[in-house]
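Contents: one structure, followed by commentary.
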């Protein structure tokens, strides 16, 4: 998968960000599953993700949630995204994952309109 991922878009992180932000739920769901697998295959060594790489992944995850319409879908996706943290065996990589979340929320927060924000109140 990694070789074909890189051929498509130049980097796995960019590939995942694009798929996670897809308009189609089935594409987003597959991307989340593949991301979990991709992270877990990298967990025996340092994640090797730069801050820029992690922010690309988080931008994709942010828009994956953004595109979710129904409360049940949002709840399940939020749980899945939170569980990705446990895919990192190395503490530093897990901290980088959390750091990417906070930086993404800080960057994107002011772009969330009131109606969309109300939609995400679980």
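The values are calculated or read from the model by the stated rules, or taken from the named source; none is laboratory data. What you see is a predicted model, and the numbers here were worked out from it, not measured in a lab. Heads up, the Cβs are rebuilt from the backbone with ideal geometry, glycines too, and the neighbour counts pull from every protein chain shown.
Filter the stretch 106-120 for residues that are surrounded by 14 or more Cβ atoms within 10 Å (Cβ to Cβ) and at pLDDT 85 or above and give the result.
First, the residues of the stretch 106-120 that are surrounded by 14 or more Cβ atoms within 10 Å (Cβ to Cβ): 108, 112, 119.
108, the sole residue that qualifies.
Name every residue in the stretch 69-80 that is under 13 Å from the mean Cα position of the chain (by Cα) and surrounded by 15 or more Cβ atoms within 10 Å (Cβ to Cβ), in order of residue number. Step through it out loud before you land on a result.
Step one: of the stretch 69-80, the residues under 13 Å from the mean Cα position of the chain (by Cα) are 77-80.
Correct list: 77, 80.
Conditions first: (1) over 14 Å from residue 29 (Cβ atoms); (2) surrounded by fewer than 19 Cβ atoms within 10 Å (Cβ to Cβ); (3) modelled with pLDDT under 90. Residue 83 passes all but one, so which condition is the exception?
Every listed condition holds for residue 83 apart from (3).
Which of the residues belonging to the stretch 86-100 are in contact (Cβ under 8 Å) with a residue 12 or more places away in the chain and either surrounded by 14 or more Cβ atoms within 10 Å (Cβ to Cβ) or under 20 Å from residue 32 (Cβ atoms) (or both)?
The answer is 87, 88, 89, 90, 93, 96, 97, 98, 99, 100.
State yes or no: is residue 103 assigned to a helix (DSSP H, G or I), surrounded by fewer than 17 Cβ atoms within 10 Å (Cβ to Cβ), in contact with a helix residue (DSSP H, G or I) (Cβ under 9 Å, 6 or more places away or on another chain) and modelled with pLDDT of 95 or more? It would help to see each step written out before you state the result.
Details: assigned to a helix (DSSP H, G or I): yes; surrounded by fewer than 17 Cβ atoms within 10 Å (Cβ to Cβ): yes; in contact with a helix residue (DSSP H, G or I) (Cβ under 9 Å, 6 or more places away or on another chain): yes; modelled with pLDDT of 95 or more: yes.
Spelling it out, residue 103 is indeed assigned to a helix (DSSP H, G or I), surrounded by fewer than 17 Cβ atoms within 10 Å (Cβ to Cβ), in contact with a helix residue (DSSP H, G or I) (Cβ under 9 Å, 6 or more places away or on another chain) and modelled with pLDDT of 95 or more.
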